[in-house]
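Encoded as structure tokens, the structure appears first; notes follow it.
The values are calculated or read from the model by the stated rules, or taken from the named source; none is laboratory data. What you see is a predicted model; the values in this text were computed from it and never measured. Positions of Cβ are backbone-derived with ideal geometry, glycine not excepted, and every protein chain shown enters the neighbour counts. Surface accessibility is based on the protein's heavy atoms, side chains included, excluding ligands, DNA and RNA. Shrake-Rupley method; radii C 1.70, N 1.55, O 1.52, S 1.80 Å.
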Amino acid sequence: VDAAAAESLRQKMLAQHDQVSKRRMKAMVDAANVLTPEQRKTLGDAMAKRREMMERHRKERESLAPRS
């Protein structure tokens, strides 16, 4: 195993994650600047429901995964 190559890959992955995070945050701020307070609440509620659903699915997948 090439430790330097592994570290380089880790750094690239972190940089990509940071870029995605910045784009996501900018999109949320841009949306918040044009939406009404009621629309922001509706969007926030929808995002919360989606997070809950994704968490439920993650737990279901974990419960089905074979234990090692």
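Structural remarks
- The residue that is farthest from Met25 (Cα to Cα), among those in segment 58-68 that are open to solvent by less than 100 Å² (accessible area, probe 1.4 Å) and in a helix (DSSP H, G or I), is Ser63.
- Residue within segment 42-57 that is exposed (fewer than 10 other Cβ atoms within 10 Å of the Cβ) and either part of a loop (DSSP other than H, G, I, E, B) or touching a Leu at 6+ places or on another chain (Cβ under 8 Å) (or both) present: no
One line per residue, one yes/no per condition, for (1) open to solvent by 80 Å² or more (accessible area, probe 1.4 Å); (2) of a type in the set (Val, Ile, Thr); (3) assigned to a helix (DSSP H, G or I); (4) touching a Cys at 6+ places or on another chain (Cβ under 8 Å):
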site	(1), (2), (3), (4)
Ala6	no, no, yes, no
Lys12	yes, no, yes, no
Gln16	yes, no, yes, no
Val20	no, yes, yes, no
Arg24	yes, no, yes, no
Val29	no, yes, yes, no
Ala32	no, no, yes, no
